[in-house]
Structure formats: structure tokens, C-alpha cells
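Mind looking over this structure? Questions follow.
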Amino acid sequence: MTNAARPSPIAWLIAPAGLLFVLFFVLPFAVMTAMSFYSGNPVTNPNAFLTTRHYERFLFDTAGIFHEALWSTLRIGLVTTIVSLLIGYPLAHWMARMQSRLGHALVLMAVIAPMLTGIVVRTFAWMTILQDKGVINTTLMQWGLIEKPLPLMYNEFGTIVALVHIYVPFMVLTLTGVIGRIDERLEQAARSLGAGRLRAFVEVTLPLSLPGILAGSLLVFALSISAYVTPSLMGGTDVLTLPMLIAQQVGTSFNPNFAGALGVILLLVSLAIVVAYNRILARLAGGQGMA
Amino acid sequence: MISRRKALRAGAGLAALATMGAPSIVHAQTKTLKITTWGGKWGEVMKATVLPAFEKEFKCTVSADQAFPFLPKLQVSPKNDPIYDVLHANSNEQWNAVVEGLVMDKITAKEVPNIADVYPYAVSDKIVGVTIFTSAIGLGYRTDKGLAKPTSWKDLADPKLAGARGGYLIPVNSLGQAHLMMLGKVYGKGLTDLDAAYKALEALKPIKLVDFTGQMEKMLLSAEVSMGVIHDSGVYRYEGANMQPVDFASPSEGVLALEQVLNVTPGSKVKELAFAYIDYMLRPDVQKLLAEAVWYSPANRKVKLDAKYDAKLLTTPEKVATLIQPDWKWYNARREDIDARVTKILKG
């Protein structure tokens, strides 16, 4: 037996992750997709039949809420990603270029610290800050600056604020690694050839950090379009996202088949956006697809 | 004289009998009743007192699931070997379950003798299974905001309460669904007058909506809302806790029933034990213990509560007569249309 025929040691190391991926993503997703094409649960209901009605229900949207929910989900995901990038990039750049080890460790702890608290707790904390009787509105009213509460919560604004707070660390941690590996001398070389700080950043550092921007953006986008707790608690009547609709269909309408169809639709639309985003960034970087 | 061969045959026969009998003996010793139950204070009392006493008396073990939602789990389990023997849920969910054949249509005093002592509402035609407790859905309000005690459901529409009134996300909360039907009764021809209900709902904007009652309690306690739809238990349970300035009002048009209903799954392998559990939950001593722990009105007429609970809960035929039971079968059949309509009304 030759060595080439044997699986490499790394293949054995990857096997548990591969198995987990198959067991807890591929298999459940396949079941969910199959269920979305049935009228009921074919395992417990012998009268369940194959149908496309759940997809038709979404497509034709006679209820007038499903398309808006999809658009709302994507809008919240995109805005959260952009704001997280705008906040996270300078912070990641600063951390990556920091000379002091102690300073770097302290900033890293500050970035990671919020992640040690659960999402529900952090969302409730935002509620106490942003609600009508919350810290901000109460303070501003006590100072006589406003007469009635500012609409900081029960809308998309409040939802995005809380989501950005929750997901910025993912952006920062992803970007810091990539920016840290960019050779600082390249930027210095550009400056020595006459480029200003801004031009050196835009033409050297930024293009080289595009893989980090892509990875961080995809991570934050994926997390925010699938968020359930935060939009439910912060959104009030103004926010209805697909994950909220899916939870409704499973938990209170008892229609897992339509919930499955909504899940498949969300995944397909998200994949299309991710592919498009990847191509745009690849073109900007002048190379091939990066993810 | 018994030959060696006969002796061996007899021995083998006895061994076979013993082997066949053994599983049933083991089974009898380890009977397990699978139930659903609530968490919080209710769950604490159940796990600390009620269930251990039941296990001791009926020589069984009880496996209690507190992880909501229960119905989707029951839906995907085999009907001939369901994940639960007893489903504890609110009335609207029981109606969803019965439509899918997941719970029994009716339980009578023949199976559960204590049913003979319950108020009529507990086994009315609006109920599948048996109601063991009920709460009254009415209006909770802050007593420190200069508001008069509400006397009508219409008081929630007071313009002074714009942005300071609370309700529920109707697609996910049965209190919100019951309130919608009540709007039809108060502003229209009856509980099923949806056009009047939609119009009245529109007039309640701006309104703060939550998806579960615990969150409404929190909004009332933090004064995020000054008045909101809530069940009496959600207000009374804070009695004496830091002198919270919150009270409950029963509108003159009647209060809505939020029933705690038990039902048995048709495929249960321990049906007798399941009926015994429901009977046990209707015993006056068990009812008194749980009613006073969480401020639920007991369904058994023979329960005598301590004075402070008796004064506020629905413990007499006159008080029980103020309960209005929604027709959940009717509501569930229209649910998808209602969900879509109210979502559009309340959005924006």
C-alpha cells in the first residue's frame, strides 16, 4: 500500500468537524427542505402530500406581509453590517498597529468583554437604555431638552443599535487578524513615494484588507439576518423579520412546512447576496472570488 | 416418578413464564408519566411538592417538560407513542391540538371523578380537556399616574394613554388574540365581529406590543406603560413586593378567561395514570396550594382559599359568571387571515 492511498492525518482531524457539519446542518437542512414541499408531516400524517403551495404562498403574498418581512430582514442585515464595518474597521486598524502589548491586550479585552454576556441580557440592557422611560429619554426629559420621549426603541433604529453592539466584536476580531498581517512597510513605501496618509491607506492598506472586510461582513450579515431575540424585543410593532415569522409559524401557528419554506427562501436569497458581494469585492481587489 | 426429560421441560416452561412475566413487572415498577408544565413559581411548587407527592402515591415517576413550546414537539412525535401523556396548555393550543388528533376530544367524570366538582366553565363546550385553573384577563394599570381605575375595556383607548398603553403581538400571544375578540364585543356585535375589532385596534395606536405576559408585567412595573392588557395573576403576584404601584381592574363588559387546561394524548401508554394525574390536580388541597402560590382561580368549586386570595380570585359562582370564554375553534380556523390583517394594521 502506498502513502498516497492513505488519508492524510489532517483528513482525520477534519473528520469530526465534517461529521458535525453533515449531522447538524446538511441533514437537518435536507429534512427542512423536504418538509417544505409537503402539506403536513409525512412521518406522522399518512395523508400528507407533495405540494409547492408554501412557496406559492410566499411568492404571491396575498397576505401582504411576507415580501416586506424579507426586505426588512435584508435591510436590517445590510445596515447592521455597514455600521459594524464603519465602527469596527478603525478600531481593528488601531489594534493591529498598536505597539504596546499591554494596550493591545486591554483593548482586546474591551472588545471581547460584551461577548461574555448573553444576547438576551445585552438586549434587555439596551431596552433599559432606549425605551421611553429609559436612561436616555428620562435624562433628556429631566434636563428639559425634550418634552416627549424620542423614538429610540420599538423600531428599526433600536433594533440596529442593539445588533451592531452585539456583532461589532465579530467584525473587529476578524479584521484585526487580517490587518495585522499586512506589512506596514508597504504603507511606508507608498508614503515615501509621495502618497499622503489617506492615499496610502486607500490604495495600499484598504485593498490588502479586503479579505478581512469580506469575512467580517459575511459573518455579521449572516448573524444579523438570522437574529430573532433582538428584533423581537427591540422592534415592537415596526419590525417583522423572516426569523420572527419562522418562529411564529413553528411556535404558534404550528405550520412547520411553511416555516421550512421560509427558511429555504431566506437561505437562497442570502446566498445570492453573498455571491454578488464576493464578486464585487473581488473585482475591486482585481482578483478572483475571495470566499 | 418424574423423568429427567419431564423435569427439564417443566423447568424450561417455568423459566419461559418467568421471562414473559418479568417485563410487565419491571414495567409496572417503573411507570413514567410524561407531562408538560409551566416554569417560574408554578414550576417550583410542582417540582418541590406536587409532583413528588403524586409519584409517591401512585408509585411512578413523572417526567415534566417545561421547555415551551410544547405543541410542535407533540406534533412531530408518533401518535401511537407520543412524547407527552398529559398536555398542559392554554385553551387555544388545546383546540389546535385536538384538530390534529393530538389530544382527546372530551374527558368526563367517568375517567376523572373530580370533574363532578368543577365549575361549568371548566368543561364547557369552549374547552377540550379539563380546565384546572383560570385567570381573568383584564386591565393592569399604574396607580401612581393619576389614572382613574378603569371600568371598561374602552378606557384603554383614552387619548391620554397614547404610547403608554400596552398590548400583545397578536399572532404569537393568546391574550392578544382574546383581546382582539373582546374589541369586537365592546365596539361591535360580538366576539366574532372582526371588522369592528380591527377598527378598534387601529384606534389603539400608538401602542406598545410584547410577545409574552412576563414582558407586560415588566413594562407595567417599570412604568413603560401606564395601562395594559394582562391577566390578574400577572398583577396580584407582586402584591407586597416593594409596594408596587400596580393594580388590576376587571372591566364591566366582563373578563376573558385564560384557562390552564389539561388533556390526555390518545396514544398514551399510561392513560389510566394520566387520568389519575388530572384527578389529582383537581383535588382541593392541590388546587389550594397552587392557587395561592401563583394567584390562579381554582376550577374546583369545593376549594376554600385564604381570605386575601378569596377576595380577589374567581371563587364564587357570581364571580365566575363574569368570565367570557372565546371560541378558539372559530378563531383558529381564521388565524392566518387575522394574523396578516393585524400585522398590517399595527405596523408603522
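The values are calculated or read from the model by the stated rules, or taken from the named source; none is laboratory data. These numbers were taken from a predicted model, which means no experiment stands behind them. Here the Cβ positions follow ideal geometry from the backbone for every residue, glycine too, while neighbour counts run over all protein chains shown. Just the protein is used for accessible areas: all its heavy atoms, side chains included, with ligands, DNA and RNA removed. Shrake-Rupley method; radii C 1.70, N 1.55, O 1.52, S 1.80 Å.
Straight-line reach from B:Lys288: which aspartates and glutamates fall under 16 Å, measuring Cα to Cα and dropping same-chain residues less than 8 apart?
B:Glu44, B:Asp117, B:Asp279, B:Asp306, B:Asp310
Now for a separate question. Is the C-alpha gyration tensor of the stretch A:186-234 telling us rounded, prolate or oblate? Criteria: a/c under 1.5 is rounded; beyond that, a/b larger than b/c is prolate, otherwise oblate.
Details: a/c = 7.30, a/b = 3.56, b/c = 2.05.
Prolate.
Could you report the buried accessible area between A and B, both sides summed, computed with a 1.4 Å probe and given in Å² to the nearest 100? Could the numbers behind the result be given before it?
Numbers: alone 17110 and 16390 Å², together 30980 Å².
Buried surface at the A/B interface: approximately 2500 Å².
Between A:Ala34 and A:Thr117, with labels modelled 7 Å along Cα→Cβ, what's the label distance in nm to one decimal, could you check?
4.4
Mean Kyte-Doolittle of at least 1.0 and a Cα length of 18 Å or more along the axis: which whole DSSP H helices of chain A meet both? Show your work: numbers first, answer last.
Numbers: long enough: A:9-21 (19 Å, 1.85); A:66-97 (46 Å, 0.83); A:156-180 (34 Å, 1.69); A:210-225 (22 Å, 2.16); A:256-285 (43 Å, 1.67).
Qualifying helices: A:9-21, A:156-180, A:210-225, A:256-285.
Quick check: convex hull of the Cα atoms in chain B, volume per residue, rounded to a whole Å³?
On the way: hull volume 53.4 nm³, N = 348.
Normalising the Cα hull of chain B by residue number yields 153 Å³.
Also, I was wondering about something else. Taking the alpha-carbon centroid of each part, what is the distance from the stretch B:85-162 to the stretch A:124-142 in angstrom?
Here the answer is 35 Å between Cα centres.
What does the helix-only formula give at 222 nm for chain A: each DSSP H stretch with n ≥ 4 adding -39500 (n - 2.57), the total divided by the residues, and the result rounded to the nearest 500 deg cm²/dmol? Don't jump to the answer; show the numbers that get you there.
Values: 14 runs with 195 residues, N = 291.
Roughly -21500 deg cm²/dmol at 222 nm, from the helical runs in chain A.
Pairs of Cα atoms under 8 Å, at least six residues apart: use those to get the relative contact order of the stretch A:65-285, whole percent.
On the way: 237 pairs, mean separation 64.8, N = 221.
Computed over the stretch A:65-285, the figure is 29 percent.
Sticking with this one: Using the alpha-carbon centroid of each, what span in Å lies between the stretch B:284-336 and the stretch B:213-256?
Between the Cα centre of the stretch B:284-336 and that of the stretch B:213-256, the gap is 17 Å.
Over all pairs of distinct alpha carbons, what does the Kirkwood formula give as the hydrodynamic radius of the stretch A:65-285, in Å? List each step's numbers first, then the result.
On the way: mean 1/r = 0.0514 Å⁻¹.
About 19.5 Å for the stretch A:65-285.
Also: Using a cut-off of 16 Å between alpha-carbon atoms, which aspartates and glutamates can reach B:Lys126, once sequence neighbours fewer than 8 places away in the same chain are excluded?
Within reach: B:Glu93, B:Asp105, B:Glu259, B:Asp327.
Enter the angle in degrees (range 0 to 90, nearest 10) between the Cα long axis of helix B:4-29 and the first principal axis of the Cα atoms of chain B, meaning the one along which they spread out most.
Here the helix axis deviates by roughly 10 degrees.
Cα-Cα over 23 Å: which of B:Lys73/B:Lys329; B:Lys56/B:Lys304; A:Lys133/B:Lys205; B:Lys31/B:Lys73; B:Lys154/B:Lys304; B:Lys106/B:Lys319? Display every interim value, and only then the final one.
Working: B:Lys73/B:Lys329 21 Å; B:Lys56/B:Lys304 25 Å; A:Lys133/B:Lys205 18 Å; B:Lys31/B:Lys73 21 Å; B:Lys154/B:Lys304 34 Å; B:Lys106/B:Lys319 26 Å.
Check vs 23 Å cut-off fails for B:Lys56/B:Lys304; B:Lys154/B:Lys304; B:Lys106/B:Lys319.
At a temperature of 37 °C and a viscosity of 0.692 mPa s, determine how fast the protein assembly as shown diffuses translationally according to Stokes-Einstein, using the Kirkwood radius over alpha-carbon pairs as Rh; express D in µm²/s, rounded to the nearest whole number.
Numbers: Rh = 28.6 Å.
The Stokes-Einstein estimate is 115 µm²/s.
For chain B, what is the mean residue ellipticity at 222 nm derived from helices alone (per DSSP H run of n ≥ 4: -39500 (n - 2.57); sum divided by total residues; nearest 500 deg cm²/dmol)?
On the way: 15 runs with 143 residues, N = 348.
Mean residue ellipticity, 222 nm, calculated: -12000 deg cm²/dmol.
In the stretch A:163-213, what chymotrypsin sites (Phe, Trp or Tyr not before Pro) fall in a loop by DSSP, with at most 12 other Cβ atoms inside 10 Å? Intermediate results must be reported in sequence, preceding the final value.
Working: sites: A:Tyr167, A:Phe170, A:Phe201; in loops: none.
Of the chymotrypsin sites (Phe, Trp or Tyr not before Pro), not one in the loops of the stretch A:163-213 has a Cβ with at most 12 other Cβ atoms within 10 Å.
By its C-alpha gyration tensor, with a ≥ b ≥ c as the square roots of the eigenvalues, how is the stretch A:70-127 shaped: rounded for a/c under 1.5, else prolate for a/b larger than b/c, else oblate?
Numbers: a/c = 4.27, a/b = 1.54, b/c = 2.78.
Judged from the Cα gyration tensor, the stretch A:70-127 comes out oblate (a/c at least 1.5, b/c at or above a/b).
Same structure, new question: Under a 5 Å amide H to amide H cut-off, with H placed in plane at 1.01 Å, what residues pair with A:Asp238 once short-range neighbours are removed?
Those lying under 5 Å, H to H, from A:Asp238 are B:Gly348.
A follow-up question, please. Please give the average number of partner chain Cβ atoms lying within 10 Å of the Cβ of each residue in A:271-281, rounded to a whole number. Don't skip to the end; give the middle numbers.
Values: counts 0, 0, 0, 0, 0, 0, 0, 0, 0, 0, 0.
Rounded to a whole number, the mean comes out at 0.
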